[in-house]
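Have a look at the structure below, then the notes.
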Amino acid sequence: FIYYLLKYVNDQKFDGQQLQAFYDEITNFGAKPGGFGLKFVQKICGQYKLKFGKFAKVKKNVGVWVTDNVNKSKSGDNTSTAYGKKDDKKEEPKPVQQSQTTT
C-alpha cells in the first residue's frame, strides 16, 4: 500500500493541505473520524484500479495515523503518538540461544 500511497502523493501533488482538506470533508472537521481510513484507502485503490480486499487491514492503521497527525498539527505538536507515547521505554532485545545438536 505504501508504494501506491507514495505514487499517489507524487502523481497528484497531494500535500498536507490537501490531506487536511480531505480529512475535514470525510470526518466533518474531525467530529466523526470513523470511516476516514476506509475512504482514504478506497481513494488510493480507485486511482490505480486496485482491489480493496488486500488492503483492508491497512484502513484502520491509516485512519489512526492520519487522525493522530491531523490533531497534532492542529495543536502545534509535531510528535505522533498513534502507535505509542513518545516516552514509552523500549525493551532491550534478548540474547538468542543457539540450539545444540548432537551428531
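The values are calculated or read from the model by the stated rules, or taken from the named source; none is laboratory data. Everything numeric here is computed off the predicted structure, so don't read it as measured data. So basically every Cβ, Gly included, is an ideal-geometry build from the backbone, and we count neighbours across all protein chains shown. With ligands, DNA and RNA removed, areas are computed over all heavy atoms of the protein, side chains included. Shrake-Rupley method; radii C 1.70, N 1.55, O 1.52, S 1.80 Å.
In the stretch 31-51, the qualifying residues are those that are surrounded by fewer than 16 Cβ atoms within 10 Å (Cβ to Cβ) and within 16 Å of the chain's Cα centre (by Cα), and the one that is modelled with the lowest pLDDT is GLY34. Criterion first (open to solvent by less than 60 Å² (accessible area, probe 1.4 Å), out of contact with any Phe, Trp or Tyr (no Cβ under 7 Å at 6 or more places or on another chain) and not acidic (Asp, Glu)) does VAL9 satisfy it? So VAL9 passes the test.
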